[in-house]
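The values are calculated or read from the model by the stated rules, or taken from the named source; none is laboratory data. Please read these numbers as outputs of a predicted model, since none were measured by experiment. Here the Cβ positions follow ideal geometry from the backbone for every residue, glycine too, while neighbour counts run over all protein chains shown. Ligands, DNA and RNA are excluded from the accessible area calculation, which covers all protein heavy atoms including side chains. Shrake-Rupley method; radii C 1.70, N 1.55, O 1.52, S 1.80 Å.
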Amino acid sequence: MNKLTAPLAALAIFASLPAHAAQQLDPAKSEIRFVAKQMNVPSEGRFRKFSANVNFDPARLAQSSVTVDIDIASIDLGSADNEAELKKKSWFNSAGFPGARFSASSFKAKGGNQYEVSGKLSIKGISRDITAPFTVQQNGGQMTVSGSVPLKRLAFNVGEGEWADTETVADEVVVKFRLNLVNTPTAVKK
Amino acid sequence: MGKLTQRYNRLQIALHWLMALMIIGGLAMGLLLDDMPLSPLKLKMLSWHKWNGITVLWLALLRLGVRHISGAPELPASMPDWQKLAAVWGHRLLYLLMLLIPLSGWLMSSAKGFPVKYFGVLPLPDLVGKNAELADLLHEVHEMLCTLLLLVLAGHVGAALKHHYFKRDDILTRMLPFLKQR
């Protein structure tokens, strides 16, 4: 590939993206964290790697959509032992199901900068409908989407066999997300 | 009259034996936990171990207070000076370990980022921030202190038995009221 065709190829790839990839994720300023209670003690973790394909326009909610892909093996619990444990079959089975995905195209305005998104969350090969509230902060060419949603780990078979015991590890896990999105020029043109 | 002052008071005796059980239980759980693979039982036992240890810490403080107020029976005049000295310093070391071992465990829990929630209800403050290296170091310290405690306990129990069966004095009965005073 010579110097001229490289940018053209890049442009072609860009153009081939779904017509409405209006925002690009800035991973350095984004995070997906979770809090699980172990023996009633909150314990926090996060996923280091995830990507998002976002087209969110508060003025055109019907045309908006989001897909977030999470790399399960990038789990960070601040302890190598616990990370190895959670990658095992009875927990996330990251070898069999390396990715989790949230995909949605149903948004509701809840007044002000509050919104709600409903879509499918797939973890460990199990899909569930979830609804998550979130807030949007516009800041020049950037948008920060943040919120939190309580999930039931057992609905996704996360923690099987002896680990299905909710006395030691609670069923409810609160996922907190903050996505920093940069508006792409195509969105501005529209 | 004279006999009464030769014994520890009831509160001291109750605290001694309650703590003896808790300390042995805590040590046993600690040894088991070390070799246990991660399981719900391990997580439960870890919590019991922590709650037990924190209770030992409060009780040790209470016990020091009671001892400060009520004092302790005098050692038999027949005891050689070196034995008296060993008894005094042995007990001081026991008290110190009863404070330092739970404290090092509490610190370790904070450093591991898994704070102690007393009986699953009362969250204890984190004494240090989450730090994996510090947690490993504190783990080593916690284990070393426990090894030291086992040695001092062996001396403590050995000396008590020696006094009771060989010296045939009242050292053990002043802490064990069910036994006849000699």
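Just one of the numbered conditions (1) in a helix (DSSP H, G or I); (2) within 14 Å of another protein chain (Cβ to nearest Cβ) is not true of B:Met19; which one?
Going through the list (1) in a helix (DSSP H, G or I); (2) within 14 Å of another protein chain (Cβ to nearest Cβ), B:Met19 breaks only (2).
Out of everything in segment A:103-143 that is without any contact (Cβ under 8 Å) to a residue 40 or more places away in the chain and of a type in the set (Ser, Thr, Tyr), what residue ends up being farthest from A:Asn180 (Cα to Cα)?
A:Ser127
Would you mention how many residues in segment B:84-137 are polar (S, T, N, Q) and closer than 22 Å to B:Ala20 by Cβ? Please lay out each step first, then the result.
Within segment B:84-137, the first condition is being polar (S, T, N, Q), and the residues that meet it are B:104, B:109-110, B:131.
Imposing the further condition that a residue be closer than 22 Å to B:Ala20 by Cβ reduces the set to B:104.
Number of matching residues: 1.
Within 30 Å of A:Lys88 (Cα to Cα), away from chain B (no Cβ under 14 Å) and buried (at least 18 other Cβ atoms within 10 Å of the Cβ): is that true of A:Phe134 in this structure?
On the way: within 30 Å of A:Lys88 (Cα to Cα): no; away from chain B (no Cβ under 14 Å): yes; buried (at least 18 other Cβ atoms within 10 Å of the Cβ): yes.
So A:Phe134 fails the test.
Given (1) within 14 Å of chain A (Cβ to nearest Cβ); (2) open to solvent by 40 Å² or more (accessible area, probe 1.4 Å), identify the lone condition not met by B:Ser70.
(1)
Tell me, which residue of segment A:16-39 that is of a type in the set (S, T, N, Q) and modelled with pLDDT of 90 or more is most open to solvent (accessible area, probe 1.4 Å)?
Step one: filter segment A:16-39 for residues of a type in the set (S, T, N, Q), giving A:16, A:23-24, A:30, A:38.
From the residues that got through so far, the ones that are modelled with pLDDT of 90 or more too are A:24, A:30, A:38.
Working: A:Gln24: 107, A:Ser30: 13, A:Gln38: 43 Å².
Selected residue: A:Gln24.
Which of (1) in contact with an Asp or Glu (Cβ under 8 Å, 6 or more places away or on another chain); (2) open to solvent by less than 30 Å² (accessible area, probe 1.4 Å) does A:Arg178 not meet, given it meets every other one?
(2)
Between residues in segment A:161-181 that are within 14 Å of another protein chain (Cβ to nearest Cβ) and residues that are hydrophobic (A, V, I, L, M, F, W, C) and assigned to a loop (DSSP other than H, G, I, E, B), which pairs lie under 9 Å by C-beta distance while being six or more apart or on different chains?
The qualifying pairs are A:Trp163/A:Trp91; A:Glu167/A:Met39; A:Thr168/A:Met39; A:Val169/A:Met39.
Assuming A:Thr184 fulfils every condition listed in (1) farther than 30 Å from A:Val41 by Cβ; (2) surrounded by fewer than 13 Cβ atoms within 10 Å (Cβ to Cβ); (3) touching a residue at least 60 places away in the same chain (Cβ under 8 Å) apart from one, which condition is it?
Single failed check for A:Thr184: (2).
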